[in-house]
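Read through the structure below, which is laid out as structure tokens, and then see the notes.
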């Protein structure tokens, strides 16, 4: 998509097909949050619980993303900024709880971990494929893509953790993966926040130019 002066204009989500895809992805995330959190508690897996929290966070942020489609750039950038900060806070929580579990943890059930990780991976691959076409949108649209991509990566790592727990009979692989997921959350939060701040600055500059133009008419 191109704008005036050949400057690229990011996709903002104003597309009925994209909105239907986003609703489908939201439903997938709701279902997987319930399934994975139950399995994480039952299997005593910190990695599964961290991944379940990510599903919950995605459900909430995707819902917000759907609501802000078509709104002003200033609002969209502010919402993306809030999503980036919330992802950062989630990462801090996972890191903190993982450190706690390092000293007070039981060995997770690798069978439950593995089977749920495979199910979650399939769910996230479906979401990623649905969103693939829209991965290079504005901060709001891009945050949806990054979260779905991270989830798919995280599920594969949880599967590796399950194999590690099974082989070592130790909770350490589970905790290492939970820490990795937290680092992944931090990386995505950084990307989302940086793009949101850039778009926020762009919105302010556009408003100032418009104000200056009106004052000179």
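Please treat every number below as a calculation from the coordinates, not as lab data. Note that the structure is predicted; figures quoted are calculated from it, not measured. In this analysis, Cβ positions are derived from the backbone assuming ideal geometry, glycine residues included, and neighbour counts consider all displayed protein chains.
Here are a few things to note about the model shown:
- Segment 39-86 pair-distance distribution - Cα-Cα, 10 Å bins, rounded %: 25, 38, 22, 13, 2
- Nearest-0.05 FRET efficiency for residue 41 and residue 82, computed from C-beta distance (R0 25 Å): 0.30
- Principal axis dimensions, largest first and in whole angstrom, of segment 13-195 by Cα: 52, 27, 22
- Calculated translational diffusion coefficient of segment 113-200 (37 °C, 0.692 mPa s; Stokes-Einstein with Kirkwood radius over alpha-carbon pairs) equals 235 µm²/s.
- Fewest-first sequence of 55, 33 by Cβ atoms within 10 Å of each Cβ: 33, 55
- Counted over all Cα-Cα pairs of segment 65-116, pairs farther apart than 14 Å make up 70 percent.
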